[in-house]
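Taking it in order: structure first as structure tokens, then the write-up.
Please treat every number below as a calculation from the coordinates, not as lab data. From a predicted model like this one, the values you see are computed outputs, not experimental measurements. Cβ: placed from backbone, ideal geometry, glycine included. Neighbour counts: every protein chain shown.
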Amino acid sequence: MAMTDADLQATVATSEFDSWMQLQVLSLQPETLSMRMPLRAEMIGAPKLNRLHGGLVASLIDAVGCYLLIARLGTRVSTANLVIDYLRPPQGDLVAEAQLVKLGRRLCNVTVSVRGADGKVAATGRLSVVPLPMSIGEEDPAALRA
């Protein structure tokens with residue numbers, strides 16, 4: 001592992017969007033990562049139904065899958081493909097658990113499941129992620145344009 005729980009939480013804090021989602025590292029292991037996203041009123045996409053916006057569920061899945069690889073590799077990553085299956089409307093705060101499927105040099109695969117406060121799986125996702133030649137803390141956006 002390139003990072004500890006605290007290192008990863010500090011990395012999450014460098015992203016304004018992920019900070020807005022208030023992502024919290026719960027458990028980091030070599031092949032799994034669990035993170036929590038508390039539900040807030042401004043996250044509701046269908047107020048009359050009291051339903052969380054599906055885009056936030058997708059963002060949570062993407063973020064947790066990528067943060068597992070960031071913690072493992074110590075580099076930034078970029079999502080190449082993301083598939084989401086929405087199974088049921090989530091209730092309350094969400095917990096997402098990412099599981100490493102394949103750690104490749106050019107492409108990595110991760111699965112993520114999202115559970116609501118009731119413990120039921122609300123959504124699942126599959127990601128294909130590209131590791132970038134950019135270490136955490138040494139990011140140079142100009143290098144990506146070259």
Tilt relative to the chain, helix 54-73 - C-alpha long axis, 0 to 90 degrees, to 10: 30
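Which whole-number percent is the relative contact order of the stretch 5-145 (Cα, under 8 Å, 6+ apart)?
Working: 275 pairs, mean separation 31.4, N = 141.
In percent, rounded to a whole number, it is 22.
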For the stretch 75-143 versus the stretch 1-62, the gap between their alpha-carbon centres in whole angstrom: 10
Bins of 5 Å from zero: percent of alpha-carbon pairs in the chain: 2, 10, 20, 23, 20, 13, 7, 3, 1, 0
Stretch in the chain that is longest and holds no trypsin sites (Lys or Arg not before Pro) that DSSP places in a loop and that have at most 15 other beta carbons within 10 Å: 49-104
